[in-house]
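Below you'll find the structure, written out as structure tokens, and then a few comments.
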Amino acid sequence: MSLDIISFVEPQPPSLASPCVNVCTMDKATGWCLGCARTIREISNWSAKPAEERQAILAALPARKTDLAKRQG
């Protein structure tokens, strides 16, 4: 008889919050939101994306925000 009454599961990655800042205006030249720097596709299904994909998007945002700031002058 096994005494293993507790089964262990792999920890799940923490949920990654949306970077939305409620400034939902799209830049026509880049297709990025002026608030969060994501595309419509990235915004529309954020919560359905795997954590790895959300992490990759989040990693791209600082460079996008810098580019947007330069474009706005």
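The values are calculated or read from the model by the stated rules, or taken from the named source; none is laboratory data. Owing to the predicted nature of the structure, the values given are computational and were not obtained by experimental measurement. With ideal geometry, Cβ positions are generated from the backbone for all residues, glycine too; neighbour counts draw on all protein chains shown. To get the accessible areas, we keep the full protein, side chains included, count just its heavy atoms, and leave off ligands, DNA and RNA. Shrake-Rupley method; radii C 1.70, N 1.55, O 1.52, S 1.80 Å.
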remark   = Taking placed amide H atoms and a strict 5 Å upper bound, the residues 5 or more places from M26 or on another chain that come that close are L34
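What does the charge count near Q55 come to, summing +1 for each Lys or Arg and -1 for each Asp or Glu among other residues with Cβ under 13 Å from its Cβ?
So the surrounding residues net to -1.
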task = Using amide H atoms built 1.01 Å from N in the peptide plane, name the residues 5+ places from R38, or on other chains, whose amide H lies under 5 Å from its own.
result = C33
task = Would you check the accessible area of D27, probe 1.4 Å, heavy atoms only, in square angstrom rounded to 10?
result = 30 Å²
query = Karplus couplings for the stretch 23-33 from phi (6.51 cos²θ - 1.76 cosθ + 1.60, θ = phi - 60°), rounded to Hz, Gly and Pro as x?
reply = 10, 9, 10, 8, 7, 5, 6, 9, x, 9, 5
query = So what's the net charge close to R64: Lys and Arg +1, Asp and Glu -1, counting the other residues with Cβ under 12 Å from its Cβ?
reply = +1
